[in-house]
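The values are calculated or read from the model by the stated rules, or taken from the named source; none is laboratory data. Since the structure is predicted, the reported quantities are computational estimates derived from the model, not experimental observations. Virtual Cβ from ideal backbone geometry, glycine too; neighbours counted across all protein chains shown. Heads up: the accessible areas ignore ligands, DNA and RNA and are worked out on the full protein's heavy atoms, side chains in. Shrake-Rupley method; radii C 1.70, N 1.55, O 1.52, S 1.80 Å.
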Amino acid sequence: MERFVPGDDCIRMAHVFTRYAQRAEMRQLTVRLTEREERDLLLACEQSGKTKSALVRELLSQSLRRYRLRQALQMAHAELGPAAQQAGWLTEDDVLRDVS
């Protein structure tokens, strides 16, 4: 029987447990890609050294942040736009002229 030795064995066990815990928190999504999208994804993976899953998660996260910001700006514009137009603010220069 092999004896348990602290050190490398503990590090390996901790790594396995961490990877398992990370995967347990993740949800699975299936996405259909065109041949071109798949080629582009594989090229990006090769260039970045990341797996397809890691790269797609990263890109999705970035895209969702931009999407949420764009939505917030559109809502602010819809809410504040009419009042700004009434005040005569049609361009950034109009705002800067009155605020400065």
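K50 satisfies every condition listed in (1) modelled with pLDDT of 95 or more; (2) assigned to a helix (DSSP H, G or I) except (2).
Scanning region 43-65 for residues that are open to solvent by 80 Å² or more (accessible area, probe 1.4 Å), under 22 Å from M26 (Cα atoms) and more than 11 Å from the chain's Cα centre (by Cα) gives T51, K52.
Among all residues of region 77-99, there is none that is part of a helix (DSSP H, G or I), in contact with a helix residue (DSSP H, G or I) (Cβ under 6 Å, 6 or more places away or on another chain) and not basic (K, R). Answer yes or no: is there a residue in region 55-74 that is closer than 30 Å to D98 by Cα, among the hydrophobic types (A, V, I, L, M, F, W, C) and not in a helix (DSSP H, G or I). Taking every residue of region 55-74 in turn, none turns out to be closer than 30 Å to D98 by Cα, among the hydrophobic types (A, V, I, L, M, F, W, C) and not in a helix (DSSP H, G or I).
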